[in-house]
Amino acid sequence: MTNTKENCKEDIDVKLIKYIQEGLPITKTPYKDIGQALGISEEEVIQRLQKLLDSGKVRRLAASIAHRKIGIDANAMCVWKVPKERVDEVGIIMADFEEVTHCYERPTYPDWEYNVFTMIHGYTDAECEAVIQAIREKTGLNDYVILYSEKEFKKVGVRI
Amino acid sequence: MILHDTDRKILHRLQSNLPLVPRPFLELSRELNIDEDTIIERIKFMIENGFVRRLAPIINTQAMGREATLAAIKVPEDRIEEVSEIINKYSGVSHNYLRKGRNTNIPYNVWFTMSAKDDEELHRLLKEIEDKTGLTVRSMPTVKKFKIGVRFKIY
């Protein structure tokens with residue numbers, strides 16, 4: 001037997017996310033307006049969003065910025081060859097840079113030996129490269145490749 | 001079109017959570033010292049003019065029970081358009097870029113992220129792309145996450 005109460009709660013969460021994932025109403029009382037559309041109270045909308053944030057299902061309730069449009073044109077994926085035993089130490093150092101927006105360890109293959117990925121956003125390539133230089137100095141790592149995006153074929157936020 | 005300082009201030013703040021209170025923009029107005037009506041009007045302007053894609057929940061794919069990966073393919077120069085079109089058709093693909101190594105030549109040039117309802121489905125879709133293109137797809141899922149949180153320095 002499935003817990004129907006639990007399922008019902010999840011259904012409303014999914015309905016809520018689906019309703020607002022293209023954008024919240026930009027009004028004085030957005031949560032009240034969402035509630036009215038979904039037939040739930042403003043309080044319930046707020047509580048559900050709080051829980052979704054607390055549980056990590058929603059990372060943030062925030063603006064997705066068209067970074068290119070505001071002049072943040074450079075987007076460098078810098079991949080590093082890091083000895084397994086140093087991954088934790090350098091991952092933390094890299095993540096500490098404001099311009100590093102993503103930092104992940106990923107698997108290697110015989111023809112792909114770079115295991116730490118950093119995404120760096122900046123106003124110019126030079127700004128990205130200055131960050132890479134600073135990472136090199138702080139970590140002592142020198143085996144890396146910078147991959148700039150030459151063309152954006154697709155970029156959309158994750159939807160459910 | 002250039003954004004003025006008020007817009008930049010608002011934009012910077014909007015990258016962090018919108019307050020979960022009945023009048024969130026009123027709360028922002030106190031934080032930023034800009035009145036509520038102006039904040040609302042400027043946000044609408046920035047959405048309509050494409051500076052802000054959306055003000056919405058940013059979903060954690062994995063926490064929602066989905067599986068995701070970063071995948072890379074070595075695509076011959078003359079097939080890039082064709083292959084990227086095949087990849088873009090999948091709704092689980094959120095990013096797809098042509099990338100070139102700056103300081104070193106690297107063979108992997110098309111990079112995309114894909115999510116699916118579970119691991120099995122994810123692998124099935126990647127295999128389908130391999131079959132359709134005749135190219136090997138390298139899946140590089142996250143082993144460890146050190147940072148995720150795209151907040152841009154706005155100045």
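The values are calculated or read from the model by the stated rules, or taken from the named source; none is laboratory data. Just so you know, these numbers come straight off a predicted model, no measurement behind them. Side chains included, ligands, DNA and RNA excluded: accessible areas come from the protein's heavy atoms. Shrake-Rupley method; radii C 1.70, N 1.55, O 1.52, S 1.80 Å.
Over region A:7-160, calculate the relative contact order: mean separation of alpha carbon pairs under 8 Å at least 6 apart, over the residue count, as a percent.
Relative contact order, region A:7-160: 23 percent.
Anything losing 50 Å² or more of accessible area from the isolated chain to the full protein assembly: pick those residues out of region B:1-40, probe 1.4 Å, ligands and DNA/RNA ignored.
Hits at the 50 Å² cut-off: B:17, B:18, B:20, B:22.
Where only protein heavy atoms count, and the probe is 1.4 Å, what is the accessible area per residue for chain B in Å²? It would help to have the intermediate numbers written out before the result.
Numbers: 7530 Å² over 155 residues.
Solvent-accessible surface per residue comes out at 49 Å².
Measure up A:155/B:117; A:57/A:151; A:69/B:127; A:154/B:132 against 26 Å on the Cα-Cα distance and list the ones that go over.
A:57/A:151; A:69/B:127
Give the aspartates and glutamates reachable from residue B:44 as a straight Cα distance under 12 Å; neighbours fewer than 8 places away on the same chain don't count.
B:7
Among rounded, prolate and oblate, which fits region B:5-48 when a ≥ b ≥ c are the square roots of the eigenvalues of its C-alpha gyration tensor, a/c under 1.5 means rounded, and a/b larger than b/c means prolate?
Taking the square roots of the gyration eigenvalues as a ≥ b ≥ c, region B:5-48 is rounded.
To the nearest 10 degrees, how steep is helix B:119-133 against the longest Cα principal axis of chain B, on a 0 to 90 scale?
60 degrees
What is the interface area between chains B and A, defined as buried accessible area summed over both chains with a 1.4 Å probe, reported in Å² to the nearest 100?
8100 Å²
State, as an integer percentage, the relative contact order of chain B based on alpha-carbon contacts under 8 Å between residues 6 or more apart. Kindly include the intermediate steps, with their values, before the conclusion.
Numbers: 158 pairs, mean separation 39.2, N = 155.
In percent, rounded to a whole number, it is 25.
Out of the total accessible area of region B:5-48 (probe 1.4 Å, heavy atoms of protein only), what percent is carbon and sulfur?
45 percent
Which value, in Å², gives the accessible area per residue of chain A when a 1.4 Å probe is used on the protein heavy atoms?
47 Å²
Roughly how many percent of the accessible protein surface of chain A is carbon and sulfur, given a 1.4 Å probe and a whole-percent answer?
On chain A, the fraction of accessible area on carbon and sulfur atoms equals 50 percent.
Could you work out how far helix B:36-48 tilts from the main Cα principal axis of chain B, as a 0 to 90 degree angle to the nearest 10?
30 degrees
Quick check: at a probe of 1.4 Å, how many percent of the accessible area of region B:97-148 sits on carbon and sulfur atoms?
Here it works out to 49 percent.
With an 8 Å Cα cut-off and a minimum separation of 6 or more residues, compute the relative contact order for region B:5-48 in percent.
It comes to 39 percent, rounded to a whole number.
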